[in-house]
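Below is one structure; the comments refer to it alone.
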Amino acid sequence: MYLMKKTHLLLFLFFFSLEVFSQQDPQFAQNKNNLLFTNPAFAGMSDGICASAINRQQWVGFKGAPVTTLAGIHSKIKLFGIKGGVGLSIADDRYEFSKDFQAKLAYSYHKRFMSGILGIGIEAGMINKDLEPEWIYPDEDGQTDGYIPHVATRKMILDLGLGIFYKLGENFYAGISMSHVHKPKIKYPELSSASFLSRHYFATVGYNFRMLNSPIEMQPSVFVKFDGTKMQYSGNLTALYNKKFSVGVSYRNKEAIIPMVGINLFSGLKIGYAYELSINRLITVSRGTHEFFVGYCFNFFGTTKDYKYRSIIYL
C-alpha cells in the first residue's frame, strides 16, 4: 500500500510539473467563454453588461488536483466622448498545497476599423500566492534545503497585461495578448532563491457561418497559449442550433479531447458544460476533468435581438 501511494505521488509530481508549472496561468477548456481573463482588449465587446463564471475540477479522483474558479464582468463605457470597455476578473486556483488568487481590472479603447471594432486593452491587478507545505522528508538533511518552503508563506505581487482584440459583427473575432508583462518576481521570506512569473502569450481566432439555409450555425475557433518554452493550442468546432442549443468538441494538442454542450436560455442566460478526457498517461490515474460555465448579459443599451432563426424552409 505504501509503495502504491509512493508511485501515485511520483506520477502526480511528474505530470503536475509538465502541465501546471510549465503553464503558470490557469487553463480552461471553454476558451471562447473566457476571453476577458486572457485578453483585456475584449472588455466591452459584448452588448450590455456581461457577467460569467467558470468552475473547473481537474483530474477528478486525484488528491491535490487543481480546482479553479473564475468570475468576470465587463461592459461598454464612454468617458469624455471616448468609447471603450471596462472589466473585472477574479480567479481562485488551488492545487496540492498552493492557493493562487488573482484580481485584475481591464480597460479597452475601442475604435471603428474596417467595418468592425478594434480594441486596445491594458490590465492591472494583483496575484496573491499562498503556500501551505506538508513535506515528509526521506532524511533529516532534506529539511535544510533552502529551495523548499517549510512553513506556510504568502506573497502578493503586482501584475500587468496587454492585448489587442478585433471583432467584425457576430461572425468573426481575433485577438492577441500578453500577461505578466514585467515578469513579476516572487521571493518568499525563508527561501534562498526567487522565482518569477514568465510572460504568457495568447492568440485566438474564431469565425461563425451558417450551414446553407438552415438554423445551424458552425463556430470553429482556435486558441493558442505560449509561455516562452511550451506552446499549447486548442482547436474547437461547435454547432449552434437556432441560437439556443450548442454541441461541440475541442482538441488540445497531445493532452485532451473535450466534448462540450451548452444552452442559451431566456434573456441572455447561457449555461455550458465540458468534459475533458486526457489522451496521455494521466488517463490511468484520473477520471477526467469537469468544467461548468454560466453567463448572463444585462442589456441596457437598447440592442436586444430576437435570436430565433427563421427560414422559408421552416415557416
Number of the condition not met by residue 222 [criteria: (1) modelled with pLDDT under 95; (2) surrounded by 15 or more Cβ atoms within 10 Å (Cβ to Cβ); (3) among the hydrophobic types (A, V, I, L, M, F, W, C); (4) under 26 Å from residue 46 (Cα atoms)]: (1)
Number of the exception - residue 285 against (1) at pLDDT 70 or above; (2) surrounded by 13 or more Cβ atoms within 10 Å (Cβ to Cβ): (1)
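Let's see how each residue does on (1) buried (at least 18 other Cβ atoms within 10 Å of the Cβ); (2) under 19 Å from the mean Cα position of the chain (by Cα); (3) of a type in the set (Phe, Trp, Tyr):
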| position | (1), (2), (3) |
| --- | --- |
| 226 | no, yes, yes |
| 230 | no, yes, no |
| 242 | no, no, no |
| 247 | no, no, no |
| 252 | yes, yes, no |
| 257 | no, yes, no |
| 263 | no, no, no |
| 266 | no, no, yes |
Where residue 107 falls short, out of the listed (1) at pLDDT 95 or above; (2) more than 30 Å from residue 175 (Cβ to Cβ); (3) of a type in the set (Phe, Trp, Tyr): (2)
So residue 248, is it closer than 15 Å to residue 293 by Cβ and among the small types (Gly, Ala, Ser): yes
Some residue of the stretch 255-278 being modelled with pLDDT under 75 and of a type outside the set (Ser, Thr, Tyr): no
Positions within the stretch 166-209 being modelled with pLDDT under 90 and basic (Lys, Arg), in sequence order: 183, 185, 187
Residue selected from the stretch 56-69 under the condition assigned to a strand (DSSP E or B) and out of contact with any Lys or Arg (no Cβ under 8 Å at 6 or more places or on another chain), by the criterion nearest to residue 41 (Cα to Cα): 56
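Give the residues of the stretch 39-55 that are buried (at least 23 other Cβ atoms within 10 Å of the Cβ), outside any loop (DSSP other than H, G, I, E, B) and not small (Gly, Ala, Ser), sorted by residue number. If you could, list the steps in order and put the result at the bottom.
In the first step, residues of the stretch 39-55 are kept if they are buried (at least 23 other Cβ atoms within 10 Å of the Cβ); the result is 39-45, 50, 52, 54.
From what's left, outside any loop (DSSP other than H, G, I, E, B): 40-42, 50, 52, 54.
Scanning the stretch 39-55 gives 40, 42, 50, 54.
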Top-ranked residue of the stretch 72-110 - restricted to ones that are surrounded by fewer than 16 Cβ atoms within 10 Å (Cβ to Cβ) and free of Cβ contacts under 8 Å to residues at least 24 places away in the same chain, ranked as nearest to the chain's Cα centre (by Cα): 103
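Which one of these is touching a residue at least 60 places away in the same chain (Cβ under 8 Å), touching a Leu at 6+ places or on another chain (Cβ under 7 Å) and among the small types (Gly, Ala, Ser): 51, 43? Reasoning before the result, please.
On the way: 51 fails: touching a Leu at 6+ places or on another chain (Cβ under 7 Å).
None of the others qualify; the one that does is 43.
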Residue identified as over 26 Å from residue 294 (Cα atoms), at pLDDT below 75 and among the basic types (Lys, Arg) among 6, 78: 6
Close pairs from the stretch 165-193: first surrounded by fewer than 17 Cβ atoms within 10 Å (Cβ to Cβ) and basic (Lys, Arg), partner at pLDDT below 85 and part of a strand (DSSP E or B), Cβ under 6 Å, at least 6 apart: 183/196; 185/196
Positions within the stretch 113-165 being at pLDDT below 60 and either closer than 22 Å to residue 35 by Cα or touching a Pro at 6+ places or on another chain (Cβ under 6 Å) (or both), in sequence order: 149
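The values are calculated or read from the model by the stated rules, or taken from the named source; none is laboratory data. These numbers were taken from a predicted model, which means no experiment stands behind them. Neighbour counts are summed over all protein chains in view; Cβ atoms, including those assigned to glycine, are modelled from backbone coordinates with ideal geometry.
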